[in-house]
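The values are calculated or read from the model by the stated rules, or taken from the named source; none is laboratory data. Everything quoted here is computed from the prediction, not taken from an experiment. Virtual Cβ from ideal backbone geometry, glycine too; neighbours counted across all protein chains shown.
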């Protein structure tokens, strides 16, 4: 999907993330954002959801101001991005994750749920690849242990499945199952 808004979202995301690498160091934050946007588009969501997916980590992981998103893309895109943004890293890990789940649960936007699900699809697929290649050593780079990550990903999928019904959740569930199997194989 291409439009001037999508192009502006890509530009904004690249300005914000620059060439920052993901936590696992194997790819760039920008690559992740674009992968999430492609997943959202592949499941039939429109331009607003794709733009929100491109920008989904900018408030959480960069210094991009909310006002920039509001001015360039409008209040609804800002609301979607805000609904998939965790509290700052200064908040303890479990509290951040619980807060994220609750905020997403209360979101009035199905597009926020789509972005969250697509984000988890890509994250889970990336973690499966990392676990298969590096075993438990791969999990050492994360601030939470493998058991905590299993808890979190199960909770997100469970909450989304209870709150909403969409085919993207089937893929989300498949990737979660792959992740659970990979964690078992790695231990």
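Structural remarks
- Restricting region 168-180 to residues that are touching a residue at least 24 places away in the same chain (Cβ under 8 Å) and more than 17 Å from the chain's Cα centre (by Cα), the residue that is surrounded by the fewest Cβ atoms within 10 Å (Cβ to Cβ) is 180.
- Counting only helices (runs of 4 or more DSSP H) wholly contained in region 103-171, the ones carrying 3 or more residues that are modelled with pLDDT of 95 or more occupy 110-134, 146-163.
- Number of residues in region 64-92 that are part of a helix (DSSP H, G or I) and under 21 Å from residue 49 (Cβ atoms): the value is 16.
- Which numbered condition residue 151 misses (of (1) closer than 25 Å to residue 103 by Cβ; (2) surrounded by 19 or more Cβ atoms within 10 Å (Cβ to Cβ)): (2)
- Per the conditions (1) in a helix (DSSP H, G or I); (2) farther than 20 Å from residue 17 by Cα, the sole criterion not satisfied by residue 53 is (2).
- For residue 34, the requirement of being at pLDDT 95 or above and surrounded by fewer than 23 Cβ atoms within 10 Å (Cβ to Cβ) is met.
Residue-wise test of (1) under 15 Å from the mean Cα position of the chain (by Cα); (2) more than 30 Å from residue 7 (Cβ to Cβ); (3) without any contact (Cβ under 8 Å) to a residue 40 or more places away in the chain; (4) surrounded by 21 or more Cβ atoms within 10 Å (Cβ to Cβ).
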site: 61; (1), (2), (3), (4): yes, no, no, no
site: 70; (1), (2), (3), (4): no, no, yes, no
site: 81; (1), (2), (3), (4): yes, no, yes, yes
site: 84; (1), (2), (3), (4): yes, no, yes, yes
site: 91; (1), (2), (3), (4): no, yes, yes, no
site: 95; (1), (2), (3), (4): no, yes, yes, no
site: 106; (1), (2), (3), (4): no, yes, yes, no
site: 136; (1), (2), (3), (4): no, yes, no, no
site: 144; (1), (2), (3), (4): no, yes, no, no
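- Condition met for residue 140 (within 16 Å of the chain's Cα centre (by Cα) and surrounded by fewer than 22 Cβ atoms within 10 Å (Cβ to Cβ)): no
- Residue list for region 11-33, filter: in contact with a helix residue (DSSP H, G or I) (Cβ under 7 Å, 6 or more places away or on another chain), closer than 20 Å to residue 120 by Cα, part of a helix (DSSP H, G or I) and free of Cβ contacts under 8 Å to residues at least 60 places away in the same chain: 13, 17, 29, 30, 33
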